[in-house]
Each structure stands twice: as structure tokens, then as C-alpha cells.
1. Kirkwood hydrodynamic radius for the chain: how many Å is it when counted over pairs of different Cα atoms?
2. Over the range 237-337, what is the relative contact order in percent, taking alpha-carbon pairs closer than 8 angstrom and at least six residues apart?
3. Label the range 207-334 by shape, choosing from rounded, prolate and oblate, from the square roots a ≥ b ≥ c of the eigenvalues of the Cα gyration tensor; if a/c is under 1.5 it is rounded, and otherwise prolate applies when a/b is larger than b/c, oblate when it is not.
4. Net charge within 13 Å of I9 by Cβ-Cβ distance, Lys/Arg positive one each and Asp/Glu negative one each, not counting I9 itself?
5. What number comes out for the charge environment of P202, summing +1 per Lys or Arg and -1 per Asp or Glu over other residues with Cβ under 10 Å away?
6. Ordered by residue, what ³J(HN,Hα) values in Hz, to whole numbers, does the range 258-263 give under the Karplus form 6.51 cos²θ - 1.76 cosθ + 1.60, where θ = phi - 60° and Gly and Pro are x?
7. With the cut-off at 24 Å, report for the range 9-196 the share of all Cα pairs above it, as a whole percent.
8. Which entries of K140/K302; K97/K223; K5/K108; K154/K324; K39/K108; K80/K140 show an alpha-carbon separation above 30 angstrom in the structure shown?
Amino acid sequence: MLKSKVVTIQRHIVEQERLHPGATGDFTGLLWDLTIAAKTISREVNKAGLVDILGVTGENNVHGEIVKKLDVYANEKICKSMEHGGHLCIMASEENKDIIPIPDEFPKGKYVLIFDPLDGSSNIDANACIGTIFSVYRRKTTGSMITQEDCLRKGTEQVAAGYIIYGSSTMMVYTTGQGVYGFTLDPSIGEFLLSHENIRIPSKGKIYSINEGNANTWDEGTKKYIAYLKESDSLTERPYSLRYIGSLVADFHRNLLYGGIFLYPADNRDPNKPKAKLRLLYEAAPLAFIIEQAGGMASTGKERILDIQATELHQKVPVIIGSKEDVLLYEKFFNQK
Ligand code: AHM
Ligand code: MG
């Protein structure tokens, strides 16, 4: 049966904006520009196996990791799609060491865009899911100088966050602080259509997602928690199932829809210098905003991710994210003395 109302992402954004009296349309324009970039990246990702675009460029990104060609493509595409609209004053990308200024020839706007252009890039050659993550803040500084300070923020200050998942179909999921909405790209008309209204994560799941190969690097609390999830107990629906793709957006998206917990704890082999992997501004904070809006939780084990004030552009944090009851229980294990 046909749905009585087909809602394009553009219509949804406009309708959301109408809820804010005094809105100028600026933010609508920003999100609209992002959807254009998303569609173009989706097209390239879909045909990646067909053209000579796969493979390694030979350059390393700021984290010392090998950059694949599609990462470079996605990074440039987002920068080019977003720089001229007059909505942004600055950008920061996981692939760039420093902030990305808006070129002089374009007007500057009041928003800041922070993004991971193509996360999970180690999965590209295997045709597995990858994603783009984004986060939007209002400009903080005043005056003519726009600085890194505008990007070094607390997650609670986000005005929007979302991701695009390039999977069996392409989806865009986003929040502006009024619930989480998912749109599926209909390639025949080139439009994102509302497919997941007001997404809520189950309060408890039966899935855990973690790189178990790192087990010997975990702190005691994490070791005990994962061992607990593997025990059998019908009352608490254990054992949990392990599902791990190694592509954050894909692991996150599945757990958001089915319930569960994703963990990337710090490497604790030197307890005085725990080493996290995921980035606060590009990965943790936007997904934390989305999960809280969907009724879930995001924590480092010790603190709420959205409360962390960024002090460095490429700062890394432990990420424990998912169903509320699962994350709360993890915190108990983690903080047990
Ligand atoms: P990337 O931003 O370089 O793609 O790395 C982040 C990815 C995440 O998508 C994923 O959750 C994690 O790294 C997987 O790491 P590991 O291979 O150590 O399990
Ligand atoms: Mg990433």
C-alpha cells in the first residue's frame, strides 16, 4: 500500500525550521548543501568497484593512517559543497590537521561544520558499509577573526549532528535536538525520503560490538563486563551476540535500530597513559548527540561524552555508546574498585 505522505528530506528540514520562530533559513540551506554532497559521495561509493578509484593514495592522514582515494574524494566534495553557501564560518575534518577556513571570495556564515568524510575506510575494498559523520555548531567567537576556538567545543553545544551510511541503500540520519530522523535515498528520483520517523533505541539490547582482538589491552572493568555479557542467564537475556563490522557508522546504526552497546575503550596497557582511538569531535560527540536524542547513552565509562570540552582538534576518547541500561551497567563495572 502506498504511504499517504511522502516526505523528502528538504520538506522535513523546512518543516523542522518552521518550529523555530525567527529562523532565517540559513540552517536549512546548510543541511541542504550537505545532502547534495552526500548524494554525490554515495554515487562514487556505489561505483567504486567499477572504476579505478579504489586503492591507496600513498599519503598518510594526521593520525598516521593510510588514506584511501575515496576518503580524499569525500573530503574534497564536502569542502567544495559547503564553502560557498554563506552558511559556514569554518570547517574541520578528520582528514585535515588544521581547521579549514572559508575562502576569502565567499561570504561567512554563523555555523561551524565538523566532519569525518568517510569513516571506516578500511572496509572500502571489501564492499562493506562506510559512512560520513557530521556535527554543526553555532559560531562562538565574535569579531572578524574566526579561530580554532570555534571548533573546540562541548558536545552539548551542537545544533545538529548526523551521519550518512553507504550500505545496501544509502541513508541519512540526523537530529537537530528534536528527535532522530532517518531518510533513505531513492536513487530513481535522487531524493532522500523519510523512512524512519522519530527513532528510539530500545532501552536494553542483546548485541555488543567491540574489537575483541584488543582484549589484552582492556582495563579490568571492561574485561569483567564483556565476560559478564557472555555468561548464560535467561532472566537477563544473556549471552549477548557479538556483532562487529569495524565501521563505526555501520555498527552504530545497527545498534541504534536493534538495541545494544558499542564499545571502543582505551588501550590500558599503561594505566597511567590510557590511549583511546576514536575522535571526540568527528565521531564521538555527533553520535553521542544522536544516541541521547534516541533515548540512549554515550559515556567514556567515567563521564558523559557530550559534557567533554574539546581542547584539541584531534582529541581521542573512549566511546561506550548505545542502549541506556547497557551503558549504565558498563559504567558500574568500569568504576568498580
Ligand atoms: P577511521 O576514521 O580511520 O576510518 O577509523 C575509525 C574506525 C571506526 O569506523 C571503527 O569503529 C574503528 O575504527 C575500528 O577500529 P579497529 O579496526 O581498531 O577495531
Ligand atoms: Mg573516522
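Computed from the coordinates by the stated procedures, all read-outs in this text should not be read as laboratory data. Bear in mind that the values here come from a model prediction, so they are computed numbers and not experimental data. As a convention, Cβ positions derive from the backbone with ideal geometry for all residues, glycine included, and neighbour counts pool all protein chains shown.
1. Numbers: mean 1/r = 0.0487 Å⁻¹.
By the Kirkwood definition, the hydrodynamic radius is 20.5 Å.
2. Working: 137 pairs, mean separation 31.2, N = 101.
Relative CO of the range 237-337 lands at 31 percent.
3. Judged from the Cα gyration tensor, the range 207-334 comes out oblate (a/c at least 1.5, b/c at or above a/b).
4. Details: positive: R11, K39; negative: E15, E17, D33, D186, E191, E197.
Spelling it out: positives minus negatives among the neighbours equals -4.
5. Working: positive: R200, K204, K206, K324; negative: E325, D326.
With Lys, Arg at +1 and Asp, Glu at -1, the net is +2.
6. 9, x, x, 9, 10, 10
7. Values: 6803 of 17578 pairs.
Here the long-distance tail beyond 24 Å is 39 percent of all Cα pairs in the range 9-196.
8. On the way: K140/K302 27 Å; K97/K223 34 Å; K5/K108 37 Å; K154/K324 21 Å; K39/K108 24 Å; K80/K140 23 Å.
Where the Cα-Cα span goes over 30 Å, the pairs concerned are K97/K223; K5/K108.
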